[in-house]
Amino acid sequence: MFESFANLIVYQALGLDPASHLGAAVHFFVMDVTKIFALLVIVIYVMGLLRALLSPERVREFVRGRPDWQARGFAVTLGALTPFCSCSSVPLFIGFVEAGIPLGVTFSFLIASPMINEVAAVILVGILGWKLAALYVGAGLLVAWFGGIVMQSFKPERWVEDYVWKIQMGQADLPQPDRSFAGRHRYAVAEVKEIVGRIWKWVLLGIGVGALFHGFVPGQWVSENLGGDAWYTVPAAVLMGIPLYSNATGVIPVAEAMLTKGVAVGTTLALMMSVAALSLPEMLILRKVIKWQALALFAGVLAIAFTLVGWGFNAIA
Amino acid sequence: MKNIKVLGTGCRNCEITANVIVAAARQAGVEIELEKITDIAEIMGYGVMSTPGVVVDGKLVHSGGVPGPDQVRGWVAD
């Protein structure tokens, strides 16, 4: 359906040649814009209706006071299920510390949350197929699980800012949400507006980059240089992803263009993870609660983990 | 006069929330006292982790995301 719509617009209405660079790029752009935004609206609306979007307050209640492995399991899964705004990461960090949740578990949550969310997962299935979606989600969960454990082994407590330990959290007494259908519908529409309003720039930018790559980068050059034989392509992809920032959904069209041109799967996954989870602005927000040593360690652990994931998948593929 | 506090560390949604409340109060012809709480310790003191949060006369009524217009009208009405 999206394919034929894009054919109609690009080849017939605009009269572009399917074999030309511009034709291929514009076709990619039109198709992905319609498909991804349609999926975004549907998925976020349905999730809103189900009220599947958990609040950080509830995550904290689930995780607190459990043995380490259970707490980490909940933190990773709930992190994957909650697309929280990066502006909440500071209160979230403090709230977890105040609840006595181990820092390693908190880091597991902070890794999983930007990297995986149910909206990105559904769009991954729609654009790249369920196999790649499963690989991405599985690898992301693993990195979040072990990344938190590695962080814990460095005793990061010494790098938490002093004032964080002193904060006393009050007991929130929130009014019950409206559970009628009208109330759920209103909530779902508000969620769509809020989330799409927040991420549309990243998604459009990602589709633009993907379209340029798809239309103008020669396939032969890609398979010779980025086909996965050279060991350095994976760390290079991870390094490239650090200054680049997009959210997990925005990076999907870039990955799509890379994969169809023959970039190795591991290299593509490493870039996706690095762009979504390892970003300078996001890290600097956390500087309010942890010292720079902990930030550097956090970035280092993630960069190494993504490189290992990339090499691993390139070796299997 | 109602005292309404917007809890948030200065993110965009917190600004929007404050503006929505001011506009609703003016429309209803109700005088309110609006405070913006940006100190993280004070925000957490209300038990709020997802900002923006809204406190009306000392009671937390909302947290996480920009509130809907109906909700806001309810807070400023007597």
When each of A:Lys166/B:Lys2; A:Lys166/A:Lys288; A:Lys166/A:Lys291; A:Lys291/B:Lys36 is checked by Cα-Cα distance, pairs over 20 Å: A:Lys166/B:Lys2; A:Lys291/B:Lys36
Shape box of segment B:2-76 [Cα atoms, principal axes, largest first, Å]: 33, 22, 16
Estimated inter-spin distance, A:Trp130 and A:Thr34, nm [label 7 Å along Cα→Cβ]: 2.6
Cut-off under 5 Å, modelled amide H: who pairs with B:His62 long-range: B:Val54
Amide H partners (placed H, <5 Å) of B:Lys36, local residues excluded: B:Val6
Net charge over other residues, Cβ less than 14 angstrom from the Cβ of A:Asn247 (K, R count +1; D, E count -1): -1
DSSP-defined antiparallel bridges as percent of all bridges, the protein assembly as shown, nearest 5: 60
P(r) weight above 25 Å for chain A, C-alpha pairs, percent: 52
Proximal lysines to A:Lys261, defined as alpha-carbon separation beneath 19 angstrom and excluding residues fewer than eight positions away on the same chain: A:Lys131
Cβ-defined net charge surrounding A:Phe298, 13 Å radius [Lys, Arg +1; Asp, Glu -1]: +1
Likely footprinting exposure, A:Leu39, A:Leu22, fewest C-beta neighbours within 10 Å first: A:Leu22, A:Leu39
Residue order, fewest to most surrounding Cβ atoms within 10 angstrom, among A:Ile316, A:Ile127, A:Ile285: A:Ile316, A:Ile285, A:Ile127
FRET efficiency, 1/(1 + (r/R0)^6) with R0 25 Å, evaluated for A:Glu61 and A:Leu295 via beta carbons: 0.35
Within straight-line cross-link reach of A:Lys201, lysines at Cα separation under 22 Å, skipping those fewer than 8 residues along the same chain: A:Lys35, A:Lys193
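Throughout, read-outs are computed from the coordinates displayed, never taken from laboratory work. Bear in mind the structure is a predicted one, so any value in this text is a computation, not a measurement. Counting neighbours? That spans all protein chains shown, and the Cβs are built from the backbone with ideal geometry, glycine included.
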